[in-house]
Every structure is written in structure tokens, then in C-alpha cells.
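In what follows, a structure is listed as C-alpha cells, so that the remarks can point back to it.
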Amino acid sequence: MKHQQSEQGILFDFDGVTVRSMEQHFAAWVKALQEKNIVLNPMDFFVLEGQGVETVARNLGQRYGLNDTQIKEVTRRKIEWYQAHMRIEFYDHFFELLATLKSRAIKMGVVTGGMRERVEKIIANHFMDYFQCLVTVDDVQNGKPHPEPFLRGAELLNIAPADCIVVENAPLGIESAHQAGMTVIAVTTTLGAEYLRQAHYIVNNFREVEKTILMLIDKK
């Protein structure tokens, strides 16, 4: 007797996956910290990706010796600079990937450490035909690397966590998805493979993401 195939869901990180934005976030942090005479080391920032802006600010503030007032000032200036200079950019083949998954009726969602107001607006303008759920830092008590964000995404898709595939680009997001019991594909959009070793699969672009997702779905 042939067993019925379980339904699959795909959960994408947002910054550095759904949109090409991490370089802009980094530039905004650089500008904000320059006002405190701090030169931001790129790796000090990129390894923190997946957390909300306030958590990132606390981590950077502690690393560079800022007090609470200075951390709040830097956070405000980062948000202001980013909003003033933000451009919406996408990775090659990402929309083709979404179209392929949609043609197979695969449920998809976004799980991000970004703020809902910003992310929701971008999704409404560019991705309304693709994503069935959105989980942001504003929707959970515990952000990445806690499993809550991805477990919430699975719940909203009505898919078992074990049947969810996550596409991430950062260590904290990979850890979050791992703890949620999901299969993780890491793409090297912002960090090298050496930072992403906890993922089940590491790929270099979204053609490879598509190939890996289809392999996993067809294997089911």
C-alpha cells in the first residue's frame, strides 16, 4: 500500500534571502556608529543577522563599549539612515524559484528578525502572490536563534515542522530552524560556507537553492 505523501512547506528568511538588503543594513550601521567614532567590523555585524534591530544594537553596543543611551541613539540613527537610503533589490533567479514552487502548490512563508511594518510593505508590493504567512520580530516573544519564529511559521502554514524546508543565510537563523526540527538550506549571499556549517545543505545561489528544494520534495 502506497503511503500518502506529506505536504511540504518552505520558509524563507527575509534580509539576505528574499531581498538583497544586508549590504544596505550594514552601510546604515556603519554610518550610525561612525557618529560615535566606531569603525564597524563587517563580521561583527553579519554574524548577528536574524535578530531584531534592538538586539543587534545591544550586541554591537556591548562589543564597542557603548552605554544604554548611546545604544538607543545608534539604533535610532541606523533606522533613519536605512529608511532614507533603502533600495529594493532581489537576487538572480529568486522569482523563478518562487514561480516553480507555486506551480507545484507548495506553501511558502517568510520568517524574519525584521520589523513587521517594513517587511509587510515590501511583501505587499512584490510578493503577494507567493507567501501565505509572515512571522516578524514583532510577532514572537523569542527571536532567532530560538525556534519560536520558525515553529510559528510552520503553524501558520499548517505544516508539520519536520516537513518544512528553511532557506537561510545566517548562523542564528540556521540554529533557529535546526531547533525547530526543520531541514535547512544555507545560501552564501552574505557569509562564506565556513559560517554556515550547521545547515544540512550549503549552496551558492538560488538556482542551487531550487535544485536542492526540488530534490528534497521529490525524495519525499
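The values are calculated or read from the model by the stated rules, or taken from the named source; none is laboratory data. What you see is a predicted model, and the numbers here were worked out from it, not measured in a lab. Here Cβ is always computed from backbone atoms with ideal geometry, including for glycine, and neighbour counts include all displayed protein chains.
Here is a list of conditions, (1) assigned by TED's automatic domain parsing to the domain that holds Gly192; (2) not in a loop (DSSP other than H, G, I, E, B), and Ala28 meets all of them except one; can you say which number that is?
Only one criterion is unmet by Ala28, namely (1).
Of all residues in region 120-136, how many are part of a helix (DSSP H, G or I), within 15 Å of the chain's Cα centre (by Cα) and closer than 21 Å to Glu96 by Cβ?
Residues that pass the stated criteria total 2.
Mind checking which helices (runs of 4 or more DSSP H) fall wholly inside region 39-119 and carry at least 3 residues that are touching a residue at least 24 places away in the same chain (Cβ under 8 Å)?
53-64, 68-85, 94-103
Select from region 177-196 the residues that are among the polar types (S, T, N, Q) and within 19 Å of Asp15 (Cα to Cα) and write down the one among them that is surrounded by the most Cβ atoms within 10 Å (Cβ to Cβ). Explain how you work it out, then say what you get.
Initially, region 177-196 is screened for residues among the polar types (S, T, N, Q), giving 179, 183, 188-190.
Filter again for within 19 Å of Asp15 (Cα to Cα), leaving 188-190.
Values: Thr188: 16, Thr189: 19, Thr190: 23.
For region 177-196, the residue satisfying everything is Thr190.
Within region 159-176, restricting attention to residues that are closer than 16 Å to Glu7 by Cα and touching a residue at least 24 places away in the same chain (Cβ under 8 Å), which residue is surrounded by the fewest Cβ atoms within 10 Å (Cβ to Cβ)?
Ala160
Looking at region 137-157 only, could you name the residues that are closer than 26 Å to Thr100 by Cβ and without any contact (Cβ under 8 Å) to a residue 12 or more places away in the chain?
Across region 137-157, the qualifying residue is only Glu155.
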